[in-house]
Amino acid sequence: LPAVSGLCSCRGCGEEAALRAMGFSEEQARRLLRLQSRLGPQRREAAAQLLLLGLSTGAALGLLERNTGLLQMPTERLQERASELRRLGLDGGRVAVQRGGGR
């Protein structure tokens, strides 16, 4: 039987599919997979937290490429940091300007 196009049982293909489902292009997913090939769920969690902050897939990938330490950070710590950034006003990848309470 011929192989079905796009289906693969290897771990890397499943991870690539998960990243693609998050909105990353095929090339972006492959670049992200190359950053830390042995880190599966952590890599997706770091990417997910950046996307939840409102960063574009390109901005999230660029940040992870420049700071690969984020890929090794425990999930709980990533979530705490993302929550703190949201609390401080990061929305949609931009810092929200607080009005009315200025100097």
The size of the Cβ-based charge dipole (Lys, Arg +1; Asp, Glu -1) of the range 12-88 about the Cα centre, to the nearest 20 debye, is 120 debye
The relative contact order of the range 12-88, taking Cα pairs under 8 Å that sit 6 or more residues apart, comes to a percentage of 30 percent
Mean projected area (nm²) from the convex hull of Cα positions in the range 12-88 is 4.5 nm²
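Highest mean first, how do 47-57, 22-32, 62-72 rank when packing is the count of other Cβ atoms within 10 Å averaged over residues?
Details: 47-57: 18.5, 22-32: 16.3, 62-72: 14.3.
Top of the packing list down: 47-57, 22-32, 62-72.
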With Arg77 itself left out, Lys, Arg at +1 and Asp, Glu at -1 over residues whose Cβ is under 14 Å from its Cβ give -3
Any residue on another chain or 5+ positions along whose placed amide H is under 5 Å from the amide H of Leu90 is listed here as Ala96
Contour minus Cα-Cα span, Arg20 to Arg34, at 0.36 nm per residue, comes to 3.6 nm
Taking 0.36 nm per residue of separation between Arg86 and Leu63 and subtracting their Cα-Cα distance, the length gained on full extension comes to 6.6 nm
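Any read-out appearing in this document is the output of simple, stated calculations on the displayed coordinates, not a laboratory observation. Since we're looking at a predicted model, the values are computed, not measured. When we count neighbours, we look across all protein chains shown, and the Cβ atoms used for this are built from the backbone with ideal geometry, even at glycine.
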